[in-house]
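Encoded as structure tokens, the structure appears first; notes follow it.
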Amino acid sequence: MSEIQPSTRYRTVETLTGSDRSSFIRIYEESFPRKERDNTQAVLASIESGSRFCMVAHRNHELIGLAILLALVDLDIQFLEYFAVDSRRRNLGIGSQFLGHLGTELRSAPSPASGVTFEVDQPDLVEGEERRLRQRRIEFYERNGAVLVECAPSYRAPNLEHEGTLPSSLMWLPLDPHIRRLGGDLLKKCVLAILTQSYQLRSDDPLVHEVISELIC
């Protein structure tokens, strides 16, 4: 007889305490290098204030996954800043199930989102195992309905640890069947919102101007 796998539960949270808070911090800090993540306490504070949306996954009463999103102002688009499953629970289908549940939640919200955009590391910039990991991450999102934003080949974001920028690719997970691709004026507004809201750059910052001017459609 096959072993019955425990079910995974999902819920939105504003306050994390006790073991949930400890697990959240561990997964967050293990999953993202310092150059790509905000100060942990600042992230928790923004979730508690309601400026960021957070959904967590539980299995056997243990927090095993997190998704942190930022609603882009004046757009019905969510920016998925961080999405991670506990490294000890990966390759069990939890990530796909979690992403699907998140999409359902965003579609059924009082103000439904038309889609979710997010950044991924570019595989072609590295070699070896890191290249394979980056490619697998993109393929995971593609299997779950996301597409690369081809109009933003030169997209980059600030390095959160040191000076400089991080070349990245944007991906788009459509939730509205009428907006299958992200491009044109909508993409420009989206990139502007990401850089000014998530990274808190001024709208007249040279990086904002450069990234938007380099969009090709």
Yes/no for residue 168 being surrounded by 17 or more Cβ atoms within 10 Å (Cβ to Cβ) and more than 10 Å from residue 117 (Cβ to Cβ): yes
Long-range neighbours under 9 Å by Cβ, at least six apart or interchain, first residue in contact (Cβ under 8 Å) with a residue 12 or more places away in the chain within segment 10-22, second part of a loop (DSSP other than H, G, I, E, B): 14/50; 19/61; 21/15
Boolean, residue 57 is within 25 Å of residue 91 (Cβ to Cβ), surrounded by 11 or more Cβ atoms within 10 Å (Cβ to Cβ) and without any contact (Cβ under 8 Å) to a residue 40 or more places away in the chain: no
Only one of 79, 53 that is of a type outside the set (Ser, Thr, Tyr), within 16 Å of residue 199 (Cβ to Cβ) and at pLDDT 95 or above: 79
Breaking point among (1) out of contact with any Pro (no Cβ under 7 Å at 6 or more places or on another chain); (2) farther than 23 Å from residue 34 by Cβ, for residue 70: (2)
Elements of type strands (runs of 3 or more DSSP E) in segment 111-217, at least 2 residues being among the hydroxyl-bearing types (Ser, Thr, Tyr): 165-174
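The values are calculated or read from the model by the stated rules, or taken from the named source; none is laboratory data. All figures in this text were calculated on a predicted structure; none of them were measured in a lab. Every residue, glycine as well, gets a Cβ built from its backbone with ideal geometry; the counts of neighbours run over all protein chains shown.
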